[in-house]
Each structure stands twice: as structure tokens, then as C-alpha cells.
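Coordinate-derived values only; no laboratory data. Small disclaimer: the values here were computed from a predicted structure and weren't measured. Cβ coordinates were reconstructed from backbone atoms using ideal geometry, including for glycine residues, and neighbour counts include every protein chain displayed.
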Amino acid sequence: MRSTHTLCAVIAGAVLSTSAHADIFATSVLSYDAGSNAAAGYTTAAAALGSAERFTGEGVFPSGVTPFNPAFGTDELVSVGSGGHLTLGFDATITNNASHAFGIDLIVFSNSGFLDTSWSDADPSNDGSGLTGANPFIFGAGGEATIQVSQNGTEWFTASITTLDLFPTLGFSDYTETTPGAPGLIESDFSQALDPSLTLNDFANLTFAEIVALYNGSGGGIGIDIASSGLESASYVRFLNESGEAFEIDAVAVVPAPGVLFMLGLGGVFATPRRRARHA
């Protein structure tokens, strides 16, 4: 029984280590061209590396990132203007995996946000509470992004052409205010995709609490299925701006392989016989 327990510990330890330390976010900038109309002050490409923002505005207006209060710091976003591009490299492998939730392989975080109609409705007592209204409006999405993937950084294949709108980032799942003054206690999951069949109309007349519930632990972001690129795996992502309006990138996350969850479950299977033997 001891050898089985040891094997379980090795497997569980390895999986937990992989899960905790594998960097699912972009780790390098291969190239960047700001284009003709990038947002002034938002031209540091390295701002797109690492995790999406959970708390923004430090030193200016510190507040939690919510669907009504997106990231806005010049060190948190990089702007890609018309004719420009941003190319990012990853340590984690992007895989076209049908077992990924909703078939999403990649999640892009921008600085889009919902207009809070509580400020303009007839009830002044709910101002700032977070209401999407009957006709939800998203600000900050910018122009269309052509999203391409590559295995080697030189040959590129288009995975999607989309605006970076749904779903605005949620930094912490226990936020109850649209602009909280401190970080929350429960981090949202930036690798958990939301259902891409949801549309802007599905958010009509939702309160902030209802949006948090709809996210169900996810941190939001625009889900991308790389299947249409024809590649089964990739290590690089390129954003091209072939539109007339700039867009901003906060971060890009790779959806991890479901095998991690399987291995954690396998560890539990190995552990079960030892517990039974102990009580026999």
C-alpha cells in the first residue's frame, strides 16, 4: 500500500506543480507595429504579456476590473492601430482540442466594458450599481482584429476575424460592486471559456450580480477556436488590424489540456484503496 501511496503522491505532486506553474499567458513579444492610429500612451507591447488584469488604476483610480470597469492603465494594455500588428509567443502549446469547453482554445482579453445604464435611468438610488439596460452597449472594443496562429512564427493561418467585445473581463468572482476599491478574495478563472453562442442581447437588462452569476467563475474574454486555421497546435498568435479603428489587448490565455483534471482524478483512484485498507 505504501508504494501505491507514493505513486499517488508523485502523480498528484507533478500535476499540481504543472497546474500551478505552467504559464498559460503570452511570455514573449516577437514583433509589434503600432499602426497609424494607436491610442496615445498605449504602445508598450510588453503590456500584453502575463495575466489579464484583475485590479486596475493603481496610483490614479485604483479599482477592481469588472465588466463595467475595464482595465485602463498604460502599462496594462497595448494598442494596435490601423495597419499595425502584435505578435506574441507562448511557452504553453495552443491546441485545437474538441474536448475544450465550447471548442475554445484561446481566450483574448481587451478593455471592453458595458455601459452602466443605472446612471441614466429614472431611479437615482441605483446609480453605479451596474445595469446593462434593454439595449446593452459595449464601449472600448475598437475595430476588428484578424487573429492568426503559427507553429513556427513565420507561417501564419487565420483563426478568426472578430471585434474584441464579449465578454468584458471580471477579475474576481466575489465582487459585488462595479468599481470595488480593493481586490476580491476569489480569483476568476482566465482559462475558463464562456459560451460563444451568447450574444449581446443575452445580456439585456442584467444586473451586475446576474452577470457575475452568468460568468460562473470565468474571467470572461473572447474565446477563439483555432480549428479554422487548419493547425492542430500553435505556439504564436498574431493580431492584425486591417480595419480603420484601433483595438487594445490586455492579455491572451491558452486553454489548458483537460488531461490535468484527468490526472488529478487518477490520483484519487490510487488513494482510495489505501484508505480502505487502513480501516479494514
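Tally Lys and Arg at +1 and Asp and Glu at -1 over the other residues with C-beta under 9 Å from the C-beta of GLY64: what net charge comes out? Display every interim value, and only then the final one.
Values: positive: ARG54; negative: GLU177.
With Lys, Arg at +1 and Asp, Glu at -1, the neighbours total 0.
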**Q.** Sites GLU242 and LEU185, calculated FRET efficiency, Cβ-Cβ separation with R0 35 Å, nearest 0.05
**A.** 0.25
(Q) List the residues, sorted by chain then number, that are 5 or more residues from LEU206 or on another chain and whose placed amide H is less than 5 Å from its amide H. (A) THR132, GLY133
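Under 4 °C and 1.567 mPa s, how fast does the stretch 23-255 diffuse according to Stokes-Einstein, given a Kirkwood radius computed over C-alpha pairs? Answer in µm²/s, whole number. Each step should come with its number before you reach the end.
Values: Rh = 17.7 Å.
Taking Rh from Cα pairs, D becomes 73 µm²/s.
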**Q.** Burial ranking of peptide ranges 27-36, 79-88 (average Cβ count within 10 Å, highest at the top)
**A.** 79-88, 27-36
Q: With a ≥ b ≥ c taken as the square roots of the eigenvalues of the C-alpha gyration tensor of the stretch 134-238, please select rounded if a/c is under 1.5 and otherwise prolate if a/b is larger than b/c or oblate if it is not?
A: prolate
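Going by a ≥ b ≥ c, the root eigenvalues of the Cα gyration tensor, does the stretch 104-143 fall in the rounded group (a/c under 1.5), the prolate group (a/b larger than b/c) or the oblate group? Walk me through the numbers on the way to the answer.
On the way: a/c = 3.07, a/b = 2.65, b/c = 1.16.
Prolate is the answer for the stretch 104-143, as a/c is 1.5 or above and a/b outweighs b/c.
Over the stretch 23-255, what is the relative contact order in whole percent, taking alpha-carbon pairs under 8 Å and six or more residues apart? Walk me through the numbers on the way to the answer.
Working: 672 pairs, mean separation 78.1, N = 233.
That works out to 34 percent.
How charged is the neighbourhood of ASP250? Take every other residue with its Cβ under 10 Å from the Cβ of ASP250, and add Lys/Arg as +1 and Asp/Glu as -1.
Values: positive: none; negative: GLU53, GLU76, GLU248.
After counting each charged neighbour, the total is -3.
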Q.
Under the rule of at least 5 residues apart or a separate chain, name every residue whose amide H is placed under 5 Å from the amide H of ILE161.
A. ILE147
Q. ALA134 label point, 7 Å along Cα→Cβ, cut-off 19 Å on backbone N: hits in the stretch 92-120?
A. 115-120
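Which net charge results when you count Lys and Arg as +1 and Asp and Glu as -1 among the other residues whose beta-carbon is under 14 Å from that of ASP105? Kindly include the intermediate steps, with their values, before the conclusion.
Numbers: positive: none; negative: ASP225, GLU232.
Taking every other residue near ASP105 into account, the sum is -2.
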**Q.** For GLY220, distant residues with modelled amide H under 5 Å away
**A.** LEU170
Q. Which ordering of TRP119, TRP156 is given by a fewest-first count of other beta-carbon atoms within 10 Å?
A. TRP119, TRP156
**Q.** J(HN,Hα) series, the stretch 87-96, from Karplus relation 6.51 cos²θ - 1.76 cosθ + 1.60, nearest Hz, glycine and proline x
**A.** 10, 10, x, 10, 7, 7, 8, 7, 10, 7
Q) What list of ³J(HN,Hα) couplings, whole Hz, do you get for the stretch 56-73 from phi and the Karplus terms 6.51, -1.76, 1.60, once you set θ to phi - 60° and write x for glycine and proline? A) 10, x, 3, x, 10, 9, x, 6, x, 7, 9, x, 9, 9, x, 4, 9, x
Q) Which order, highest average first, do 102-114, 120-132, 242-254 follow once you tally other Cβ atoms within 10 Å for each residue and take the mean per peptide? A) 102-114, 242-254, 120-132
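Rounded to a whole number, what is D in µm²/s for the stretch 37-167 from Stokes-Einstein with the Kirkwood radius over alpha-carbon pairs (20 °C, 1.002 mPa s)? It would help to have the intermediate numbers written out before the result.
Details: Rh = 17.0 Å.
Value of D from the Cα-based Kirkwood radius: 126 µm²/s.
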